[in-house]
There are 2 protein chains.
Amino acid sequence: MVEETMSSRSILIVDDEAPIREVIAAALEMAGYRTLEASNAQDAHSIVVDQKPDLILLDWMMPQVSGVEFARRLKRDPLTAEIPIIMLTAKGEEDHKITGLEAGADDYITKPFSPRELVARLKAVLRRSTPAGIDEPIEINGLKLDPNSHRITAHGDELSMGPTEFRLLQFFMSHAERAYTRGQLLDQVWGGNVYVDERTVDVHIRRLRKGLGDEFKSLIQTVRGTGYRFSTKVTETDNS
Amino acid sequence: MVEETMSSRSILIVDDEAPIREVIAAALEMAGYRTLEASNAQDAHSIVVDQKPDLILLDWMMPQVSGVEFARRLKRDPLTAEIPIIMLTAKGEEDHKITGLEAGADDYITKPFSPRELVARLKAVLRRSTPAGIDEPIEINGLKLDPNSHRITAHGDELSMGPTEFRLLQFFMSHAERAYTRGQLLDQVWGGNVYVDERTVDVHIRRLRKGLGDEFKSLIQTVRGTGYRFSTKVTETDNS
DNA sequence: GACATCTGTAACATTTCTGTCACTAAAGCT
DNA sequence: AGCTTTAGTGACAGAAATGTTACAGATGTC
C-alpha cells in the first residue's frame, strides 16, 4: 500500500469494552495515528470538545447513551458536526443502517473486521472529509478537473465519464509523472478493501482514455511490465 | 483465469481436515501459487520457520492449539510477524471478533467460500503486504534512471527499452564500476531460481546497449572471460 | 416496471517481450 | 597464421502483457 505522508491524525475510539478499544488502538497506532479512548458518551464528549479529534470510531451498542444518540448529538452541534464518524456495528445490527445514516455517520464497519479493513476505510473517510486545500481544481495543459463540481473540462468543453474514471483521473492528476502498479491503483482509487481482479484496472484505463478523447488520452501512459502513469511528457515510442 | 507469472508465491494452508486442505490447495495451484500444507500447529510452525511462506491460510478451529493461538504466536515473533494471515472461520464463529483482531489476522473468510473469492482476497492481502518503496533516481553523465516514473532519459530525451533491460540497467547503475558474471546477473536481475541459459544475458546486454544509443552504449563494457561491467571510465583498449 | 448507467469479468485480438539458436566476429594462444 | 574460445548479432516462435469488446448483474431514476 502506498502511504500518504501526513501529520498524524488523532482518532477517538468510543466503546464500552476496554479490550476492543485496545485492539483497535493498537492497530491504528501501528498505522501511524494517534488514538484517544472513551468508554462512554460523557467522556467521549469531553474529549471531542477538548481535543478535537480528526475522526471518531463509535460503537453502536453502548450503555446509557447509545452510539446513535451520541452521533446525532455531535452532528447537531456546529462545533463538532464536521468531525467524521465511523460506526462499528455487530453482525445482525446491519438493519439499523438507515437509522445510523440519519444520525450522521460517515461510514460503517461491521464486526468482525480486519485491522487492514479498518485502516483502509478510515483513510477513505478522512480523505473524503478533509475540508479545504485538497479539493482545489487541478489543471494540466488545458485539461481541468474540479473535485468540487465533479467536472472535467478540456479547453472548456465538458468531458463525461463514470465515477470510477473520475476518481482514477483525479488520482493520476494529483500524482503525475509517477508509475503505479495495478495493485496500487486498486488500493488508492478503489479503496484498500475491495477484492477485484487487477485486469479490471485495464478496462477502466481504457474507459478513461476513451473519455479523455484523442487529444488527452496520450497522457495516460502504459508502463509495460509495471502499470500506468499520468504524464505530460508524451513519447510516441513510449515504453518502460 | 490466466494468472501472473511472478515468481510464484507460496501459501501455507493450515487445517486439520485433509479434504479441505486439498480443495484449497487445488484452487491455489490452479491460480499459480505453490502450496504447503499442515494439519496442526506444530507442523505448521516448522514449515513457517523453514520455508517462509508468503501467506498463511489458517483455520480457526483446530484441535490442540487453536488457530487464534497459533496466529498470536506467529505475530509475537518478529521473524514471522510480517507474514500475513487469513483466517478461515465457519458460520456461527463470526462473533469471535475480538479474539481474531487481537490475534492479528489480516483478513477473514467465512466458510463456505468460493475458490474465486479465496484467490481474490488472497491476492488483495498479498498485494498490500508488498509495498513499493520510493526510490531515488540515479543519474550518471546525463543518463538518468528514475524508478518512480519508470523512465530512462538521456539528457532529457526518453529512451525506450524492455522491462528486463530496465532492471538490468538499474542494477548496473546502482553497482557501477564492478564486473559481474552472467550467473550473478541472472541471480540479481532475473531473480534467484530461474533456469535460463547464460548466453541469454548476452542477448539482453545487446538489447540494452541498443536501447542506450551510441552515446551511452559504451558504458556497458565487456569483461572478457568474466562478464560485464557498467563503468563511466572508458577503457583504453576500446579506443583503437 | 422500463430505462439508463455503471461495474467487474471473461473472451478474444493485438502488441511486445523472452529465451534460444545459428551464425559471424573478435580475442587469445601456440 | 591456424586453431580455440568467447562475445556480438539477427531471426524467430512461443509466452506474456496489454488493448478491446461484449455481456450480465447491480443500481438508480422516472
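The values are calculated or read from the model by the stated rules, or taken from the named source; none is laboratory data. Because the structure is a prediction, the values reported are computed rather than measured. So basically every Cβ, Gly included, is an ideal-geometry build from the backbone, and we count neighbours across all protein chains shown.
Values as computed for the structure displayed
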| read-out | value |
| --- | --- |
| Residue B:169, sole failed condition from (1) in contact with a strand residue (DSSP E or B) (Cβ under 9 Å, 6 or more places away or on another chain); (2) at pLDDT below 95; (3) over 14 Å from residue A:179 (Cα atoms); (4) more than 9 Å from chain A (Cβ to nearest Cβ) | (2) |
| Residue within the stretch A:177-200 that is within 14 Å of chain B (Cβ to nearest Cβ), hydroxyl-bearing (Ser, Thr, Tyr) and under 23 Å from residue B:153 (Cα atoms) present | yes |
| Of residues in the stretch A:178-202 being within 28 Å of residue B:146 (Cβ to Cβ) and β-branched (Val, Ile, Thr), the one farthest from DNA strand D (Cβ to nearest atom) | A:189 |
| Condition met for residue A:65 (at pLDDT below 75 and more than 24 Å from the chain's Cα centre (by Cα)) | yes |
| Members of the stretch B:208-222 that are in contact with a Ser or Thr (Cβ under 8 Å, 6 or more places away or on another chain) and within 15 Å of residue B:182 (Cα to Cα) | B:221 |
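Here's the yes/no breakdown for (1) within 14 Å of DNA strand D (Cβ to nearest atom); (2) closer than 30 Å to residue B:126 by Cα; (3) buried (at least 19 other Cβ atoms within 10 Å of the Cβ):
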site: A:147; (1), (2), (3): no, no, no
site: A:152; (1), (2), (3): no, no, yes
site: A:158; (1), (2), (3): no, no, no
site: A:176; (1), (2), (3): no, yes, no
site: A:206; (1), (2), (3): yes, yes, no
site: A:223; (1), (2), (3): yes, yes, yes
